[in-house]
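Report on one structure; see the data block that follows.
The values are calculated or read from the model by the stated rules, or taken from the named source; none is laboratory data. Every value quoted in this text rests on a predicted model; they were computed, and no experiment measured them. Positions of Cβ are generated from backbone atoms using ideal geometry, with glycine treated the same way; all protein chains shown enter the neighbour counts. These area figures cover heavy atoms from the full protein model, side chains too; ligands, DNA and RNA do not enter into them. Shrake-Rupley method; radii C 1.70, N 1.55, O 1.52, S 1.80 Å.
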Amino acid sequence: ANDGATSIHVTGDATGIDAYGIAAIAADAVTFADDGRLMSHAGGAGTDLIVTVDGKASGGESGILAEKSGTLGVGVTSVTAKGDVTGTHNAGIEAGTNGASLTIEAGARVSGGNYGIYAENYGTGATSITAKGDVASTIGFGSGVGIHAFNDDRTTDLTVEADAEVSSGFVGLS
């Protein structure tokens, strides 16, 4: 098991045809399906999970997946995407934690099938989402969420700042 921080910095583009452009998972036990999709993760692993992408990220499932399991309230989960992020079926950016905080910073366009940005914090700290470019769910009318942000009852603040259009066929922001 990793007791320290996990940091991933991609200076170019990251493309995953079937599953994820980037899959960063800090957990002791991780299970993937045959097609590359994340099935489950559990157990404590390290402190911080930090993902930075300077270029574009795209995947058949999600462009960027960042999930941190571990001791409740320990460590931060941070995703910074400077280029466009696209996830064909699920989300452009998909991030979750049970650590201290969850931060997502998107500097360009983010789009996904079901969700543009999907963020869930089951930890003890704040959730902050900043989107500088358009955020969209592309699944179509009657479905999808542009930005989905969830804080469990143990967390603190939830902040969403969208500087451009947030759109979907169902809910822009939930």
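Exactly one condition in (1) modelled with pLDDT of 95 or more; (2) surrounded by fewer than 24 Cβ atoms within 10 Å (Cβ to Cβ) is false for A19; which is it?
(1)
Out of the residues in the range 93-114 meeting the condition of being of a type outside the set (A, V, I, L, M) and farther than 22 Å from Y20 by Cα, tell me which one is least open to solvent (accessible area, probe 1.4 Å).
Here the answer is G99.
For the range 53-66, name all the residues that are open to solvent by 30 Å² or more (accessible area, probe 1.4 Å) and part of a strand (DSSP E or B).
Matches in the range 53-66: S58 only.
For a quick check of your reading of the model, give me the residue pairs whose first member lies in the range 131-150 and is over 10 Å from S168 (Cβ atoms), whose second is surrounded by fewer than 20 Cβ atoms within 10 Å (Cβ to Cβ) and of a type in the set (V, I, T), with beta-carbon atoms closer than 9 Å and at least 6 apart or on different chains.
A131/V160; A149/T159; A149/V160
Do we have G70 as at pLDDT below 95 and part of a strand (DSSP E or B) here? Reasoning before the result, please.
Values: at pLDDT below 95: yes; part of a strand (DSSP E or B): no.
Answer is no for this residue.
I'd like the residue in the range 69-92 that is polar (S, T, N, Q) and under 10 Å from the mean Cα position of the chain (by Cα) and, out of all such residues, is surrounded by the fewest Cβ atoms within 10 Å (Cβ to Cβ). Quick ask: steps written out before the conclusion?
Taking the range 69-92 as the starting set, the residues that turn out to be polar (S, T, N, Q) are 69, 71, 77-78, 80, 86, 88, 90.
Filter again for under 10 Å from the mean Cα position of the chain (by Cα), leaving 77-78, 80.
On the way: T77: 30, S78: 21, T80: 17.
So the residue we want is T80.
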